[in-house]
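Below is one structure, written out as structure tokens; comments come after it.
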Amino acid sequence: MKQGKRFTVLGLHLIVAPNACAHARLGLAVSRKYGNAVQRNRLKRCLRSAFRQHDIRHKTIDILAIPSPKIDTTDINEQKMSACFNQLLERC
């Protein structure tokens, strides 16, 4: 996704672009630099769950989330990821 606005929120690099669908879509790109498989899957689970429960999914945008390797893996939870989507909505 080359086009789109880039944001960094709570250690996540987010690329946001408009789409032609009637709903938002979430893409995740979590490399091995982030941590082991357990840590990567936990982050992805938290992001997906926060996205499903947030009002941002009613927008017509695509969101690509790329975590920074500097994110503390013990600190990840759904509330933090939901706060990330809140900040993204404020910036958009």
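The values are calculated or read from the model by the stated rules, or taken from the named source; none is laboratory data. Just so it is clear, the model here is predicted, and its values are computed rather than measured. Cβ coordinates were reconstructed from backbone atoms using ideal geometry, including for glycine residues, and neighbour counts include every protein chain displayed. What goes into the accessible areas is simple: the full protein's heavy atoms, side chains included, and nothing from ligands, DNA or RNA. Shrake-Rupley method; radii C 1.70, N 1.55, O 1.52, S 1.80 Å.
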Q. If you scan segment 59-92, which residues turn out to be open to solvent by less than 20 Å² (accessible area, probe 1.4 Å), touching a Cys at 6+ places or on another chain (Cβ under 8 Å) and of a type in the set (Val, Ile, Thr)?
A. Ile76
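Would you mind stating whether Gln39 is without any contact (Cβ under 8 Å) to a residue 40 or more places away in the chain and open to solvent by less than 80 Å² (accessible area, probe 1.4 Å)? Walk me through it before giving the result.
Details: without any contact (Cβ under 8 Å) to a residue 40 or more places away in the chain: yes; open to solvent by less than 80 Å² (accessible area, probe 1.4 Å): yes.
Taking the combined requirement at face value, the residue satisfies it.
Quick one: is Leu26 in contact with a helix residue (DSSP H, G or I) (Cβ under 9 Å, 6 or more places away or on another chain) and of a type outside the set (D, E, K, R)? Outline the logic, then answer.
Numbers: in contact with a helix residue (DSSP H, G or I) (Cβ under 9 Å, 6 or more places away or on another chain): yes; of a type outside the set (D, E, K, R): yes.
So Leu26 passes the test.
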Q. Only one of (1) more than 18 Å from Arg6 (Cα to Cα); (2) open to solvent by less than 100 Å² (accessible area, probe 1.4 Å); (3) modelled with pLDDT under 90 fails for Ile56. Which number is that?
A. (1)
**Q.** Filter result (part of a helix (DSSP H, G or I) and among the polar types (S, T, N, Q)) within segment 46-70
**A.** Ser49, Gln53
Q: Identify all residues within segment 44-85 that are touching a Pro at 6+ places or on another chain (Cβ under 8 Å) and of a type in the set (S, T, N, Q); write none if there are none.
A: Thr60
Q) How many residues are of a type outside the set (Gly, Ala, Ser), open to solvent by 20 Å² or more (accessible area, probe 1.4 Å), under 16 Å from Leu89 (Cβ atoms) and touching an Asp or Glu at 6+ places or on another chain (Cβ under 8 Å) if we restrict to segment 1-18? A) 1
